[in-house]
Amino acid sequence: MKNLLVAKILNEVADMLDMQGVEFKPNAYRRAARTIESLAEPIEQVYAKGKLEELPGVGSAIAKKIAEIVETGSLKYHEELKEKTPVDLEGLLAVEGVGPKTVGLLYKRLGIKSLDELERAALQHKIRTIKGLGPKTEENILSSIELAKRRKERALIGTALPIADEICELLRAEIRTKGTVGKLEPAGSLRRMKETIGDIDILAATKDPIHLSDALTQMAKVRKVLEKGETKSSVILENNLQVDLRIVDEHSFGSALMYFTGSKDHNIALRKIAIAKGLKLNEYGLFKKDEQVAGRTEEEVYEKLGLEYIPPELREDRGEVAAAMNHALPELIPYDAIEGDLQIHTKWSDGRHTIEEMAQAAKAMGYGYVAITDHYSTMPIVNGLNEQRLRDQAKEIDGLNEKLSGIRILKGAEVDIAGDGRLKADRSALKDLDVVVASVHGTFKQTKKEMTRRLISAMETGLVSIIGHPTSRKINAKNPCEIDFDEVFEASKRTGTYLEINSSPARLDLNDTNAGLAVRAGCKLAINTDAHEREDLQNMRFGIATARRAWMRKLDVINSMPLTELTRAIRKP
DNA sequence: GCCGTTTTCGGCCCGACTGTTTTCAGTCG
């Protein structure tokens, strides 16, 4: 499926045309790129059927270009544009506040092609000499450039986990074909469900290591084999993710899994306990003198250390070892504890599926309810609802609730919080809703005090059930807004407004640390997906993982309640 | 470059915000 490649090339063409100051064409290319990005069907199929021009935003010229990409994997026009402006577009555009026009200007005036050159020019105060840019722009570039550079370093868990699952399944199947008993598990930060992943670590126990490393290195999506051996193999995938496969004896599988799962600090804490007991812990097992006393499973290693079993999400050396010793670990919210999703978008605004499609998908996940929270907004980009359309939507929901069994659709909306903390919606529009999510979607550059005041003002309107993605960060792309969490937590409790863990892999907001602080301050949270299409509902597991990393229990999460309890607990406008 | 019960030419999504400007261009969502 070449959809993403086609979309990427079209988007780059758009950016380069933008750089040259070409009008209107860039948006034509972007529109076509968006269509193809969200196309369920492989673009090759559309091409084969001769139906490219039927796609919205695709005319004869772009259709020809798509055909060229499908056939050859590249586009001459794109290559020619790149020759004219040979800059690291992706890297430079990753700097917040720098767009195509600025990239073009920087290249034309200073010959800047890369992030490093941009940083040097900024440090030498050359940026401010360009007409149209100034000292503020220079400062902004310097403060954003670190984030832009780090961008490539770590993958989102939402990207890495599905790939790792797929590879693990493939390798497990390989083990099975050999008919040998074997085990295989992902390890590393992926198993701890960290929000970003450096590389994918996989641990295996098999009688036939060569066969397994062959299977890894011969996978279709491998770009480069870094090393290949009996106990360790590493490859780089086409998407630049690195995969390390380690193979150990079965009687060491548990201790090796602990060792490769980490975190490093957690392992150090465990080794100290082993030493205190006159034992030695390493990846091969727990030893008394030279005799292995545990190692086959993680459970037996923890037990022999005198500890409760510690779930991977907690292994960060944040007090979990002491808690395990005192049998005081929390009973973490299970991955199947969620009863409903309280932030969902549909075709009514910027989502891809209908209310019924989303509700059916939620029902298939075992949910008892969902809240439809399309954007209530005046911004056309998200096709926001106004008061009339919200009423029309309510009628559709009433109809669906009569028709569907086993799932209850709650009426909701996601409302913008203006810079001054007022909601960009009237009380009259919201008054009949079951759930109001209020979120910050603009005016990000406020002081900590202003942003704190803004969120609290929104909570004090009495109209808000949930504050969506409270810091508005985007991982690797946008820093979180600064908030005084103590004040926000206090207001959350005082006004009965719940804070959200947004499960979108690029957000995970609140994050594990702040969610943990919230719960310890006595707040309850909602875990929502913010789904814009059916498949996004599956992101719930990342939100739950974040909650588990925050030491949260089921009772800390409002949407782990059945519908009747939830409707009592949640505040209506 | 796309598109059309304002249709084959002449528009094209729009509002907020920022930083650079004396009236606007670029970026973001």
Next on the checklist: Return the residues of the stretch A:289-307 that are among the acidic types (Asp, Glu) and crowded, with 18+ Cβ neighbours inside 10 Å; say none if nothing qualifies.
Outcome noted: A:298
Next on the checklist: Any residue at all in the stretch A:522-534 that's within 16 Å of DNA strand B (Cβ to nearest atom), at pLDDT 95 or above and buried (at least 18 other Cβ atoms within 10 Å of the Cβ)?
Outcome noted: yes
Checklist outcome for this item: Of the conditions (1) within 14 Å of DNA strand B (Cβ to nearest atom); (2) in a loop (DSSP other than H, G, I, E, B); (3) out of contact with any helix residue (DSSP H, G or I) (no Cβ under 8 Å at 6 or more places or on another chain), the single one that residue A:86 does not satisfy is (1)
Next on the checklist: So, residue A:535, is that one within 16 Å of the chain's Cα centre (by Cα) and among the acidic types (Asp, Glu) or not?
Outcome noted: yes
Checklist entry - Considering only residues of the stretch A:46-56 that are exposed (fewer than 12 other Cβ atoms within 10 Å of the Cβ) and not charged (D, E, K, R), which is nearest to DNA strand B (Cβ to nearest atom)? => result A:56
Checklist entry - Counting only residues that are of a type in the set (Gly, Ala, Ser) and in contact with a strand residue (DSSP E or B) (Cβ under 9 Å, 6 or more places away or on another chain), which one in the stretch A:456-484 is nearest to residue A:412 (Cα to Cα)? => result A:465
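Hey, any hits in the stretch A:20-41 for a residue that's in contact (Cβ under 8 Å) with a residue 24 or more places away in the chain and over 29 Å from the mean Cα position of the chain (by Cα)? First the steps, then the outcome.
First pass over the stretch A:20-41, keeping only residues in contact (Cβ under 8 Å) with a residue 24 or more places away in the chain: A:20-21, A:26, A:28-29, A:31-34, A:36-39.
Keeping just the survivors that are over 29 Å from the mean Cα position of the chain (by Cα) gives A:20-21.
Taking every residue of the stretch A:20-41 in turn, at least one turns out to be in contact (Cβ under 8 Å) with a residue 24 or more places away in the chain and over 29 Å from the mean Cα position of the chain (by Cα).
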Item to check | So residue A:9, is it away from DNA strand B (no atom under 12 Å from the Cβ), part of a helix (DSSP H, G or I) and out of contact with any Asp or Glu (no Cβ under 8 Å at 6 or more places or on another chain) | outcome: yes
Checklist entry - So how many residues does the stretch A:92-119 have that are part of a loop (DSSP other than H, G, I, E, B), modelled with pLDDT of 90 or more, among the small types (Gly, Ala, Ser) and more than 7 Å from DNA strand B (Cβ to nearest atom)? => result 2
Checklist entry - What is the number of the single condition among (1) surrounded by 23 or more Cβ atoms within 10 Å (Cβ to Cβ); (2) touching a helix residue (DSSP H, G or I) at 6+ places or on another chain (Cβ under 9 Å) that residue A:397 does not meet? => result (1)
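Looking for something in contact with a Pro (Cβ under 6 Å, 6 or more places away or on another chain) and either modelled with pLDDT of 95 or more or of a type outside the set (D, E, K, R) (or both) - is there at least one such residue anywhere in the stretch A:482-500? Walk me through it before giving the result.
At the first step, the residues of the stretch A:482-500 found to be in contact with a Pro (Cβ under 6 Å, 6 or more places away or on another chain) are A:499.
Checking the rest, the ones that are also either modelled with pLDDT of 95 or more or of a type outside the set (D, E, K, R) (or both) come to A:499.
Within the stretch A:482-500, one or more residues are in contact with a Pro (Cβ under 6 Å, 6 or more places away or on another chain) and either modelled with pLDDT of 95 or more or of a type outside the set (D, E, K, R) (or both).
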Checklist entry - Out of curiosity, is residue A:398 assigned to a strand (DSSP E or B) and acidic (Asp, Glu)? => result no
Checklist entry - When the residues of the stretch A:292-348 are filtered to those that are within 27 Å of residue A:205 (Cα to Cα), part of a loop (DSSP other than H, G, I, E, B) and hydroxyl-bearing (Ser, Thr, Tyr), which remaining residue is farthest from the chain's Cα centre (by Cα)? => result A:297
Checklist entry - Is at least one residue of the stretch A:22-36 more than 9 Å from DNA strand B (Cβ to nearest atom), more than 22 Å from residue A:148 (Cβ to Cβ) and crowded, with 18+ Cβ neighbours inside 10 Å? => result yes
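Could you check the stretch A:120-148 and list, in sequence order, the residues that are more than 9 Å from DNA strand B (Cβ to nearest atom) and in contact (Cβ under 8 Å) with a residue 40 or more places away in the chain?
A:141, A:145, A:147, A:148
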Checklist entry - What helices (runs of 4 or more DSSP H) completely inside the stretch A:146-240 contain at least 2 residues that are within 29 Å of the chain's Cα centre (by Cα) and under 27 Å from residue A:267 (Cα atoms)? => result A:157-177, A:188-191
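The values are calculated or read from the model by the stated rules, or taken from the named source; none is laboratory data. As the structure is a prediction and not an experimental result, all values here were calculated from the model. With ideal geometry, Cβ positions are generated from the backbone for all residues, glycine too; neighbour counts draw on all protein chains shown.
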